[in-house]
Structures are given as structure tokens and as C-alpha cells.
1. What is the magnitude of the charge dipole of the chain about its Cα centre, with +1 placed on the Cβ of each Lys and Arg, -1 on the Cβ of each Asp and Glu, and no other charges, expressed in debye to the nearest 20?
2. Report the gain in length on full extension from residue 304 to residue 379: 0.36 nm times residue separation, minus Cα-Cα distance, nm rounded to one decimal.
3. Explain nothing, just compute: Karplus ³J(HN,Hα) = 6.51 cos²θ - 1.76 cosθ + 1.60, θ = phi - 60°, for every residue of segment 131-148 in order, whole Hz, x for Gly and Pro.
4. Expected output is a single nm value to one decimal: the length gained when fully extending between residue 364 and residue 122, i.e. 0.36 nm times separation in residues minus the C-alpha distance. What is it?
5. Mind checking the alpha-carbon convex hull of the chain and giving the volume per residue in Å³?
6. What whole number of Å gives the distance from the Cα centroid of segment 9-87 to the Cα centroid of segment 311-341?
7. Return the whole-Å distance between the Cα centroid of segment 466-502 and the Cα centroid of segment 535-568.
8. Express as a percent, rounded to the nearest 5, the fraction of DSSP beta bridges in the chain (both residues included) that run antiparallel.
Amino acid sequence: MTAYDDYKNSISRTPVTLVVMTLDFCGRTFGSSPCLATGEPCYNTYPACKYKSAYLKQTKDYKFTSLGAPLPFKGNERPYLSKVSYMPTEIKETLTVNARVKCEFADEPDTDVGIDPYVSQRSSVQGTYWKKLLARNPNYKGRQVKIYEGFLGLAESEFEQRFIGSIDNITLGKSGVTIEVVDLLKSLATIEVPPKLDIKLTSEATASQTTLVVSDVTGLDSPSGYVRIADEIIYYTGVNTSTKELTGCTRGYFSTTAAIHSAKDKVQKVRYYVPANPFDILKEMLLTDAAMDASYVDSAAFDYWRDWPGGEPNFSAIVSEPEKLEKLYFEIMNLVDCKSWVGEDLKITIRRNVPNQPGRSYHSITDEANIVHGSLSVDLNQKSRLTRISLFWDKNGIGKIDDMKEYNRIDIALDADAESANEYNGVTEKKIFCRWLRKDYMDEDVLAQYIKNLILRLVRRQRDALPMVNLEAELKDSHIKTGEYASLTTGALQTTAGNDVSGEKYQVVKRDFKGKALTLGLMKMSQRRILILGPSSLPSYTAATEAQKEYGFLCASDAKMSDGSEGFYIW
């Protein structure tokens, strides 16, 4: 057990929450070369900087602990934290609803000790802590916040981390501030790929010219990379930082057309994702494009689902104008039929939407043992239902992602029975615009077969609605985590024969605490299981255990199993 566990289990303890906010801070010393600023010292932040050419971006931690509790570390922490409110993550079929935390802080007159490096040089100090801090750091958005929980008497290193995210907004009130923090996955919405750069041609370029002179090369890939000018993509093999030249240019790349360009034409950096396994590209987005700390990425999960059951071809994309990284990330999630979220271990993780998996475990949730009486409700979740999918692919190198004219291929999968008058009597269509699969780098037949299998699986999985069950459970069930699986037995739901449902399979898509109860959101899993070859020792389906039924069994001629459930289909 950790020291935290010892304190948690003790009778007398004083809980303390620690919030660590990391903001930009200049690494220079005011008035000391290379900083040649003079006069009243700044506050070592960029907005307050008096000699910006010497600014050296580093970071500084600001620590806050619970209001009304003694200082736990007797350092530079301020006891201003009055309340922390959590809104948990909710896993969706496409874009996950990210976790969000609100931290409320009191504000009061402050001496600036430990905050202002030049406080001893100032004739007077006035103002309140937060009003001064925000005036000096208006560029707070996107900066990191960590939240820890512990007890008075523990060292700071013994506090347990509960959340990490980035600042989304700060509201200044009459008596304090509220900081809204979103989880790491949401930070992808603040990153543009490729970034917007203020670069222009400085002279006219002919259609065959292999050296281009530009206004700046800062931010471009080096030594080689891609740029877009008007409707042409250009590949270059050299960057001369002195003369600001792009050399070794190949014109009209990615099937675009070489053209004449004028001075002052915009030069846009292009992000080319070279052909690679899509799960590896997802990790590249997190670790390279978003520059995340690898300790907050569940790389093992990405690698596992890359290899099981597998079957994806290499993906590739040409992104020739800025897109939100979040959009690119979830485009791939959709194409590999996965969900992604930040788990309780604070890592970005991933899981395939497969209804069965050998070795998978299920938490048993029943009326008698787990569910708080009268707390269960059901949303039939009709919006989750699809009867057909149209997937546009083989996109041109430039052009809008949602413009059908920019694609050379379209594949459609539909369930005619679901659309018939005997069933849902209508069409519920989802359109997928795919920039990630093109026949210029991969055999067209391989791609076509993958796309056909993908959209058929998606329609099979979602041709019927996937109901949502919300319930309250006892705190003893708090070991159940987001993304895990549950076997639900309850009298609140019934079979067609009027019996209580027993052992229905759900995925935990939301987890929160409400007072002294654990609230869970469960999404029913598709009954259309995939066929996975099992060991020869498997018994018949009727005699098989629930764990053995994670493998595939042959169905009857009506495509049903002996208990009337849906048969298995080939991945």
C-alpha cells in the first residue's frame, strides 16, 4: 500500500486537493544580456516583456491547495482552491464527449512573493492574486493543469494524480475565478495541421522553376517537405535559411498541375502522412503533431488493437490546408471502427467496436447486488441507428473534404430489410468522406475490399438502435472503469417473452460519482457477433460458458443460434 492508501484508510484525516497550473515564463533575467531591457522590471511573461527578441519561453508551476486547510507543503502553494467539479468523459460512436473540470478559486490581496522574481526591487506591491496573474498571463488558453488528491501530512510526491488537461476558459468573478479545464484528447481541437504560416512568394515563379524564393522558411519542414501554392502542391528537397529558398522542387506533386505563380502568392505548408498502419498514424498524431508526453498515451492499447484482429491496409493523407487535429484523429477512428477516450489512468486509450473478444471479462451488474432501487432508466437511442453508409474515397490532393466532386470512388452498403415497410420504413444514411484511402499508393482492389467489409460491418452493427441504460450503483462497484464491459441482469428490461433480461452485454460509456453513489452509463452492444475460430475443445453452443461464447459458433439455417440470438459473422 502507498502512503496515500494508509491515510485514506485512517479514521482521522484532513483531505487536501492540489491544483498545479503551468504557465509560460521567461528564462531570462531582466536587464542581463541578452535581455537589454531597462527601467521598471517586467514580470518574466511574454505579454509583459520589454525586450521580446530575447524572450526565452520556459514554464513555471503555480500551486493551489484547499481553502480552509493548512498549507500541506509550506512552500509557495496558495490555499485558494474552494471547489473542484468534474464532468466525466462520455464515449460516443464518433466524437467522444471529453471530460471537463471546473476549479473555483478565491481571490485576495497578495504579496507576489514566489510569483514576481523582482518583487524586492519594487517600491510597492498592490492588487489581488488572480487579477494580477491574469493580467500578466492573458495567453493562458491551452496551458496545462494537473489535479491531485491527498491528505495533510503527506509529501507532495505522495499525492495521487486525478486529472490532467488544458485550460479552456477562465471566468473572473466578484470574489474569485473559475478555471475550466478539458482533458488531453480535447486539446487536439486547438491544434491545426498543418499550421497556418504567414509565408509568401517574393518573386514570380514559372511552371518549371525548381528553386522558389519565399518570405520566410520558419515552420516549414526541413530538409525536405511539401508546400501548396494556389492549386499546386510542390515537393522540395532543400531549405536555405540564409537566402530563404526552397530548392530541388518537384512541381505538380500528388497529381496537381504545375503553374505560374505571382509574387506575394500564399505559400501553405502541407502535412503528408506517409502510408502506414492507421493505428501507428493515430499514435503519431498524439506524440508528434500534438507533442504529448508519451506517459499519457496508452501505446500498448494502440498496438494491441492494431494487431487484433487486424486487416487494415496502410492509410495515407495529403492535408494541404489547416484542419483541426481532432477532426483528423476521429476521421481515422471512424474508418477503423474504434472509440477513443481518456481513461481513469489519465491515458488516451482506444478500443475496437467488436461485440465479442476471447478473454474479455464482464462486470456482473444485477438488481440485487449492484443497482440502486429505482435508479435505472433507458434511452432507446434511436439516433444510433443506421440503414446505409455511403463512403467517398480516392480523394484528389486538394479540394474540400466534404465536396463529393473531389472523390473518384464511392461505395454504398445498405440493409434493405431495415429500410423496408415491415421494419423501419425509411432511410437513415451516414456519409463518410475519406481522405485516408487512395489508389495512388495502394492496390485499388485491396482498398475496395477493405472498404466494402468496413461499411458492411458498420451497417450490421448499427442497423438496430443501441439502447443506453443509466443507473446508480453502490460505491463498492467503483472499480468499474470507463470502456469496460458489463453483463446486465435486471427486471427493468424484459425479453419478448416477458422475462427479465439476463446477462445482456453492455459497454460502460460514462462513469461519474453522484453523492454517495456511482452513476454508470451503459451502451448495449450489437448482438451481431464476429466469428473467431476457437480451440477444438469447445463444446456445443448450448453447453458453452459465457466466456467460451466469445469465440464463434456455427448457426442454424435461419442464421440464429440455439437460444434465438443472432449468429456470428465473418470479420
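The values are calculated or read from the model by the stated rules, or taken from the named source; none is laboratory data. Just so we're clear, the structure is a prediction, and the values are computed from it rather than from any experiment. Backbone-built Cβ (ideal geometry, glycine too); neighbour counts: all protein chains shown. Just so you know, the surface numbers come from the protein's heavy atoms only, side chains and all, with ligands and any DNA or RNA stripped out. Shrake-Rupley method; radii C 1.70, N 1.55, O 1.52, S 1.80 Å.
1. Charge dipole of the chain: 1240 debye, to the nearest 20.
2. Working: separation 75, 0.36 × 75 = 27.00 nm, distance 3.22 nm.
The residue 304-residue 379 span can extend by a further 23.8 nm.
3. Going residue by residue, I get 4, 5, 4, 6, 5, 7, 10, x, 8, 7, 4, x, 6, 7, 10, 10, 10, 10 Hz, with x marking Gly and Pro.
4. Numbers: separation 242, 0.36 × 242 = 87.12 nm, distance 6.45 nm.
The residue 364-residue 122 span can extend by a further 80.7 nm.
5. Working: hull volume 118.2 nm³, N = 571.
In the chain, the Cα hull volume divided by residue count equals 207 Å³.
6. 37
7. Using only Cα atoms, the two centres lie 23 Å from each other.
8. Working: 106 of 119 bridges.
In the chain, DSSP labels about 90 percent of beta bridges as antiparallel.
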